[in-house]
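Nothing in this text is a laboratory measurement; each read-out follows from the coordinates by a stated rule. From a predicted model like this one, the values you see are computed outputs, not experimental measurements. Quick reminder, even Gly has a Cβ in these numbers, built from the backbone with ideal geometry, and neighbours come from all protein chains shown.
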Amino acid sequence: MDTVQIFDTTLRDGEQSPGFSMNREEKLRLAREIEELGVDVLEAGFPIASPGDLEATRAVAAEIKRCRVAALARARQDDIEAALRGIEPAAKPRLHVFLATSDLHLKHKLHTTREEALARISEMVRFAHRRCEEVEFSAEDASRTEPEYLARAVLAAVESGATIINLPDTVGYSTPDEYGEMFRQIRARLAAHPEVVLSAHCHDDLGLAVANSLAAVEAGVRQIECTINGIGERAGNASVEELAVALHVRQNHYHVATNLHLEKLYPASRMLSSITGVHVPPNKAVVGSNAFAHEAGIHQDGILKNPLTYEIINPESVGVPARRLVLGKHSGRNAIRARLADLGYELPDAELAECYALAIARGDAEKEITDRDLLSIYHQVRRAHSPEHAGVGPKTSTGR
């Protein structure tokens, strides 16, 4: 079975998003967690951006040993030299060079022609390859680049020494069918270079970053660039936790594996949130607080009988401590019974029915029924039926 390499760019593309800036120590702390997660490549920064980013990139490169450490550079000599200084201490360095290839970017951002851009790609990738054994080239805005010209740009990079070719959906414009087809066309043009690894880097402007990345995998891509919690420019990047779980749960469909330790996904997510102070939405797939929480009575009943009825993966397998049965107005009788049992209390069916009715009434008035609410209802029902049992504690008590 093929392995898809996971290229984590939380410390570079993720950090570029507003509100997610990290200092040297925060980057180091998160880099250690990302290494524990089992990623194949960790992009540590964009060293030309600032002296602080260069210093942080060097610190990460010096400490991280089990995965490759990459640094980003524009296709400019001063950028490449700064990136080389950043990854100089790395045990497994990678230089990541990029240049925009769409006519929109060439004309309005770079003020250059297609031919001039091709010459620059060749020159700068060759310069990078002479100084770093492993070079990745990214054709920025690849998904909006004219296909024939994109193929020429990719071949120029490969023939100059790049062994990884990244074709980003830089502005989240593409659809899965389009994105997958782009890679199929490029793979056909690279028939003489089967050793070249194709890479996907997707943004979430249309909410399609993960879907596009998975379409790329189906098209033969064997590296995905992604971030923890999907952070990144604008609407963010493809989320590593969503991609990892999709490839694991649907392995019979994608026929690939990753080197990730899935049980580290939730801790990595929580560490990023603690560092940045930005928490994920409760409905966020895999790591959101509601990802393994159930309130609807039908769902709760199914979960109590067999978790597979409403969960496609065990919460502990991705590092979530446990699922939650949330009590509210949609909850069922079995969920009330199960939660009381967890708290150490039992009721006969008739009293449970009263408890359930009172709980649902409370749920209509409140967003959630807390344990304190439930225990108050329990004691109310017990007092109504057996005054002498008022204040009786859990079933495990000695009765004294």
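To the nearest 20 Debye, how big is the dipole of the stretch 26-66 about its Cα centre, given +1 on the beta carbon of each Lys and Arg and -1 on that of each Asp and Glu? Spell out each step's value before the answer.
Numbers: 6 positive and 9 negative charges, 26 e Å.
Around 120 debye, computed over the stretch 26-66.
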Q.
Quick check: the angle from helix 51-63's long axis to the longest principal axis of the chain, C-alpha only, nearest 10 degrees?
A. 70
Q. According to the square roots a ≥ b ≥ c of the eigenvalues of the Cα gyration tensor, what is the shape class of the stretch 1-105, taking rounded for a/c under 1.5, prolate for a/b larger than b/c otherwise, and oblate for the remainder?
A. rounded
(Q) Within 9 Å, Cβ to Cβ, of Glu225, how many net charges do the neighbouring residues add up to if Lys/Arg are +1 and Asp/Glu are -1? (A) -3
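Taking the Cβ of Leu265 as the center, what net charge do the other residues with Cβ under 13 Å away carry, scoring Lys and Arg +1 and Asp and Glu -1? Before the final figure, lay out the partial values.
On the way: positive: Lys264, Arg270, Lys284; negative: Asp8, Glu33, Glu36, Glu241, Glu242, Glu263, Glu316.
After counting each charged neighbour, the total is -4.
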Q) At what distance in nm do the modelled label points of His385 and His255 sit from each other, each positioned 7 Å from its Cα along Cα→Cβ? A) 5.9
Q. Scanning the chain for GluC sites (Glu not before Pro) in DSSP loops with at most 15 other Cβ atoms within 10 Å, what's the longest stretch left with none?
A. 196-345
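With charges set only on the Cβ (+1 for Lys and Arg, -1 for Asp and Glu), what does the dipole of the stretch 217-364 come to about its Cα centre, in debye to the nearest 20? Provide the component values of the computation, followed by the final result.
On the way: 14 positive and 16 negative charges, 45 e Å.
The calculated dipole for the stretch 217-364 is roughly 220 debye.
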(Q) Taking the 0 to 90 degree range and rounding to the nearest ten, how far is the long axis of helix 24-37 tilted relative to the main principal axis of the chain, both from C-alpha atoms? (A) 80
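Can you tell me the dipole magnitude for the chain around its Cα centre, using point charges on the Cβ only (Lys, Arg +1; Asp, Glu -1), in Debye to the nearest 20? The partial results should precede the final answer.
Values: 46 positive and 58 negative charges, 144 e Å.
Here the chain has a charge dipole of around 700 debye.
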Q: With runs of 4+ DSSP H residues as the only contributors, calculate the mean residue ellipticity of the chain at 222 nm using -39,500 (n - 2.57) per run, divided by the residue total and rounded to the nearest 500.
A: -13500 deg cm²/dmol
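Holding the Cα-Cα limit at 22 Å, pick out from Lys27/Lys65; Lys264/Lys367; Lys264/Lys329; Lys284/Lys305; Lys264/Lys284; Lys27/Lys92 the pairs that are longer than that. Intermediate results must be reported in sequence, preceding the final value.
On the way: Lys27/Lys65 15 Å; Lys264/Lys367 31 Å; Lys264/Lys329 34 Å; Lys284/Lys305 25 Å; Lys264/Lys284 17 Å; Lys27/Lys92 18 Å.
Pairs exceeding the cut-off: Lys264/Lys367; Lys264/Lys329; Lys284/Lys305.
Where does the charge balance sit around His294 when Lys and Arg score +1, Asp and Glu -1, over other residues with C-beta under 9 Å from its C-beta? Write down the numbers at each step before the final one.
Working: positive: Arg323, Arg324; negative: Glu295, Glu311.
Net of charged neighbours comes to 0.
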Q. In the Gaussian network model of the chain, springs joining C-alpha atoms below 10 Å, which of Leu214, Leu308, Leu198 carries the largest mean-square fluctuation?
A. Leu308
Q: Round to the nearest 10 and give me the degree value, 0 to 90, for the angle of helix 176-189's Cα axis relative to the longest principal axis of the chain.
A: 30
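Suppose R0 equals 45 Å; then what is the FRET efficiency for Ala353 and Leu206 from their Cβ-Cβ distance, rounded to the nearest 0.05? Walk me through the numbers before you get to the answer.
Numbers: r = 49 Å, r/R0 = 1.08.
Approximately 0.40, to the nearest 0.05.
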